[in-house]
Amino acid sequence: MLTRPRVLLHLEGAAVFAVALFFYQQIHASWLLFGLLFLAPDLSMIGFAAGARAGAAAYNLVHTEVFPVLLGIAAASMHHSRALAIALIWISHIGFDRLLGYGLKYPTHFKDTHLQRL
């Protein structure tokens, strides 16, 4: 069971979520800010109003770990605690999505993801 790719991807999402929460707690950032911004990346789904291709591009841009990791590195190196908090919230959102089975979108349909067909 633990060798199945789908299970591993869910576990990977859980690990990313847990590590992001751990570091968020370690920097003593506001949990109110966390609650307010946790679902903010999902606003990218509005892009689907312009069609599946545009929606997938917008969603994937916001739901890849590349940009929040880069933001986190920049924020940590510049000692910018608010930006670091935002990066950790963003990363935790992506990890939580992966834990639930939500993946990056294909331009064919909202329910077509790299993890599964929803």
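Rule-based calculations on the coordinates, nothing more; no lab input. Quick caveat, the model's predicted, so the values are computed rather than measured. All Cβ positions, even for glycine, are placed from backbone atoms using ideal geometry, and neighbour counts span all protein chains on display.
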key: Student exercise, the chain dipole from Lys, Arg, Asp, Glu Cβ charges, in Debye to nearest 20   = 240
remark   = Interchain or sequence-distant (5+) residues whose placed amide H lies within less than 5 Å of the amide H of L104 are H114, L115
message = Using Cα springs under 10 Å in a Gaussian network model of the chain, which residue among H93, H80, H63 shows the largest mean-square fluctuation?
response = H80
query = Going highest first, how would you order 50-56, 3-9 by mean Cβ packing within 10 Å?
reply = 50-56, 3-9
note = Ranked by GNM mean-square fluctuation in the chain (Cα springs under 10 Å), the top entry among G103, G95, G35 is G35
query = For all pairs of alpha-carbon atoms in the chain, what percent lies in each bin of width 10 Å, listed from the first bin to the last filled one?
reply = 15, 41, 32, 12, 0
remark   = Among the DSSP H helices of the chain, those whose Cα atoms extend at least 27 Å along the helix axis and whose mean Kyte-Doolittle hydropathy is 0.0 or higher are 5-26, 81-100
ask   = Among residues other than A56 whose Cβ falls under 10 Å from its Cβ, what is the net charge (Lys/Arg +1, Asp/Glu -1)?
value = +1
inquiry  = Please list 3J(HN,Hα) in residue order for region 39-48, calculated via the Karplus relation 6.51 cos²θ - 1.76 cosθ + 1.60 where θ = phi - 60°; whole Hz, with x for glycine and proline.
reply    = 8, 3, x, 6, 4, 5, 5, 4, x, 5
